[in-house]
Amino acid sequence: MRDVLLQLSGTLAVVAAIIHGVLGETKVFARATIEPPRVRLLIRMVWQAGTVAWIGGGVLLLMTPAMMSEPARHWIVATLAVVYGFAAAANFIALRGRHFGWMALGAVVAMAVAGY
């Protein structure tokens, strides 16, 4: 059951990351006016760097059961619980709980910790 929880956590993390990237491009940057264009590009790339990092974290969570290493399992879960937990808290605080992102990331943390 622990392995299934980690795999579900990783899958949800990847899905949340993809939604983050798509919403950023279609909703945030489609309407944002940021000058000069180089700064706009920089901010978009930083946004998408977070997306790529979340996908990487999700893949690690998804593949942790196959690693057959308890220390690796513990460090991956502990590190990513902090990363996704911080992102969930920041989302909740910045958007005053009006965006579903904090719930999705909170679920990633809860399942990962339960699979610890």
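Just so you know, all these numbers are worked out from the coordinates, no wet-lab data involved. Keep in mind the model is a prediction, meaning the values are calculated, not measured. Cβ coordinates were reconstructed from backbone atoms using ideal geometry, including for glycine residues, and neighbour counts include every protein chain displayed.
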Matching label, Cα extents along the principal axes in Å computed from the structure shown, candidates [x] 65, 33, 21; [y] 37, 32, 21; [z] 49, 27, 18
[z]
Highest mean first, how do 68-79, 1-12, 22-33 rank when packing is the count of other Cβ atoms within 10 Å averaged over residues?
1-12, 68-79, 22-33
Tell me what the chain gives for mean residue ellipticity at 222 nm when only DSSP H runs of n ≥ 4 count, each as -39,500 (n - 2.57), the sum divided by the residue total, rounded to 500 deg cm²/dmol.
-26500 deg cm²/dmol
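Taking only complete DSSP H runs, can you tell me which helices of the chain stretch 30 Å or more along their own long axis by Cα positions and average at least -0.5 on the Kyte-Doolittle scale?
Numbers: long enough: 2-23 (31 Å, 1.51); 37-63 (39 Å, 1.09); 70-94 (35 Å, 1.03).
Correct list, ordered by number: 2-23, 37-63, 70-94.
With r defined as the distance between the Cβ atoms of Ala30 and Ala110 and R0 fixed at 41 Å, what FRET efficiency is calculated, to the nearest 0.05?
Values: r = 32 Å, r/R0 = 0.78.
In this case the efficiency is close to 0.80.
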Relative contact order of the chain, please, whole-number percent, based on alpha carbon pairs below 8 angstrom and at least 6 residues apart.
42 percent
